[in-house]
Structures are given as structure tokens and as C-alpha cells.
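These notes are about the structure you will find just below.
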Amino acid sequence: MHPERSDIECEKRAAAEAAAELVPHGAKVGLGTGSTVAYLLPALAARGLDLRCAATSPETERAAARSASRSSRSTRSGRSTSRSTAPTRSTRAAG
């Protein structure tokens, strides 16, 4: 991987993890379509919050559902206590 690319990905991960720490339990969260959401979803799932999420694209909605599903399986197996809620619906901005 190109060194600059690696630095950018590290910064995206750091930003996503910092943002996830600001989300309170029970929050309504809008999930965007940018590349940083790939780092945000596992960071939110790791916090074990009950969230209501709305995704701006079907791809982000599927990724959030997979993240929540992995989090739920971890809880049942005793490896983790994460409990994030998958998005309930997609919303698209009018354009």
C-alpha cells in the first residue's frame, strides 16, 4: 500500500472511532456513503449501544446490518457484549 494511502486510512479510522465515542445510547444515527463508514460501523458495534440508524444507500444499510449481526452473534457466544441495531430503513436525499 502506498504510504500516503496508509496514512489517510489511519486518519479515517481514527476519525470514525472518535465519532463513535460521541454517539450516546439510544441515538438516531444517519449513516453516510463515504469510505469512512467502513470504520465507523465496527466502532459503533463495539460500544454495544442500542441505536436507530438510517442509511443513505442500500450498500451502507447492508454493511450496517452485517456489523449488527456480527455483534449479535458475538453477544450470544459470550465473546462480546455489543448490541448495535441495524438500520431500520434507507433514506435518500432528494436530488
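For residue 54, the residues whose amide H sits under 5 Å from its own are 29, 30, 31, ignoring neighbours fewer than 5 places away on the same chain, with H placed 1.01 Å from N.
Run the quick spin-label model on residue 4 and residue 17: label points 7 Å from Cα toward the beta carbon, then report their separation in nm to one decimal. Calculated label separation equals 2.5 nm.
Highest-first packing order for the peptide set 33-39, 21-27 is 33-39, 21-27, based on the mean count of other beta carbon atoms within 10 Å.
Rule-based calculations on the coordinates, nothing more; no lab input. Not measured: the values here are computed from a predicted model. With ideal geometry, Cβ positions are generated from the backbone for all residues, glycine too; neighbour counts draw on all protein chains shown.
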